[in-house]
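Structure first, commentary second.
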There are 2 protein chains.
Amino acid sequence: MLNDDHRRFLEDRRVAHLATADATGAPHVVPVCFAVRENDVYITIDDKPKRGPATALKRLRNIARNPAVALVADHYDDADWTRLGWVMVRGKAEIIDEGPEHRRAQELLKSRYAQLRAMDLARHPVIAIRIERVSSWGAV
Amino acid sequence: MLNDDHRRFLEDRRVAHLATADATGAPHVVPVCFAVRENDVYITIDDKPKRGPATALKRLRNIARNPAVALVADHYDDADWTRLGWVMVRGKAEIIDEGPEHRRAQELLKSRYAQLRAMDLARHPVIAIRIERVSSWGAV
């Protein structure tokens, strides 16, 4: 699914953008920290301040009602547009609250992001994107 | 709608991420150059290489079938997560092919992006997002 170029490009990015949509098809998009393992992308809810309880997060409510998601990681270079590029993955998202995959995903995320190591992540859900399609453009 | 902080934050960003969804509610998300004028956000199709004709672009096909869109601009700082922030706008998108608003939008985009000034933009459509809701998080 992901080829080596896609995988390397994604792993080199520190932030991606997660698009979900509600039951009426109205999109929502936020920047996220992420990790890739085989053909899954993992995102964890973390301790960053939220407006309300994590379960109320719009991205989770959307996924519960409509699991189709898209995530794009890109490189932008204001000085050289020949270097622009992006990789988008599309698929179905699952919310994982606990268990071996939840633990492995959060360990992988902690290995990528030092800031997450200080957080009590285990109580937070993980979003797992099961990749169904990969698109890319530009310098990837 | 957009307050002064939102507007300043958006204008300081060089790239945003546009989420659309198809008629089944499956999202799509790509990085875009953009400009803000009052409570509209403008994005133009440009001469950057595309896989096919601009009219076939997935973002345009989605908007034709489902005008609900979301666009987020964010600041990511790997070293200091207290500086993270984003502004998301949601609303309905219109595709504008010609006329005074099309011309003004492309002039505004050219004033922000030197690379666009060398392109023959007039033959390309503009996406106009009519902002209905603004959300923000973090250092905005």
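Report yes if A:A122 is more than 9 Å from every other protein chain (Cβ to nearest Cβ) and in a helix (DSSP H, G or I), otherwise no. Spelling it out, A:A122 is indeed more than 9 Å from every other protein chain (Cβ to nearest Cβ) and in a helix (DSSP H, G or I). In region B:1-35, of all residues being more than 14 Å from A:N66 (Cβ to Cβ) and small (G, A, S), the one that is nearest to the other protein chains (Cβ to nearest Cβ) corresponds to B:A16.
Please find, among A:A35, A:A23, the residue that is at pLDDT 95 or above, over 30 Å from A:G138 (Cα atoms) and touching a Lys or Arg at 6+ places or on another chain (Cβ under 6 Å).
A:A23
For region B:61-70, the criterion of being assigned to a helix (DSSP H, G or I), in contact with an Asp or Glu (Cβ under 7 Å, 6 or more places away or on another chain) and modelled with pLDDT of 95 or more is met by at least one residue.
Residue pairs whose Cβ atoms lie under 8 Å apart, separated by 6 or more positions or on different chains, with the first residue in region A:111-140 and surrounded by fewer than 14 Cβ atoms within 10 Å (Cβ to Cβ) and the second of a type in the set (K, R) and not in a strand (DSSP E or B), are A:R117/A:K110; A:A122/A:R103. The single condition from (1) crowded, with 21+ Cβ neighbours inside 10 Å; (2) under 30 Å from B:Q115 (Cβ atoms) that A:T44 fails is (2).
Taken over region A:40-91, the residue count meeting the criterion of being touching a helix residue (DSSP H, G or I) at 6+ places or on another chain (Cβ under 9 Å), more than 8 Å from every other protein chain (Cβ to nearest Cβ), in contact (Cβ under 8 Å) with a residue 40 or more places away in the chain and of a type outside the set (S, T, N, Q) is 14. Give the residues of region B:31-40 that are assigned to a strand (DSSP E or B) and either of a type in the set (S, T, N, Q) or under 18 Å from B:A105 (Cβ atoms) (or both), sorted by residue number. Once the filter is applied, which keeps residues that are assigned to a strand (DSSP E or B) and either of a type in the set (S, T, N, Q) or under 18 Å from B:A105 (Cβ atoms) (or both), region B:31-40 yields B:V32, B:A35, B:V36, B:R37, B:D40. Cβ-Cβ contacts under 8 Å between residues 6 or more apart (or on different chains), taken from a first residue in region B:94-109 that is in contact (Cβ under 8 Å) with a residue 40 or more places away in the chain to a second residue that is part of a helix (DSSP H, G or I) and exposed (fewer than 15 other Cβ atoms within 10 Å of the Cβ), are listed as B:Q106/B:A122.
The values are calculated or read from the model by the stated rules, or taken from the named source; none is laboratory data. Every value quoted in this text rests on a predicted model; they were computed, and no experiment measured them. Neighbour counts are summed over all protein chains in view; Cβ atoms, including those assigned to glycine, are modelled from backbone coordinates with ideal geometry.
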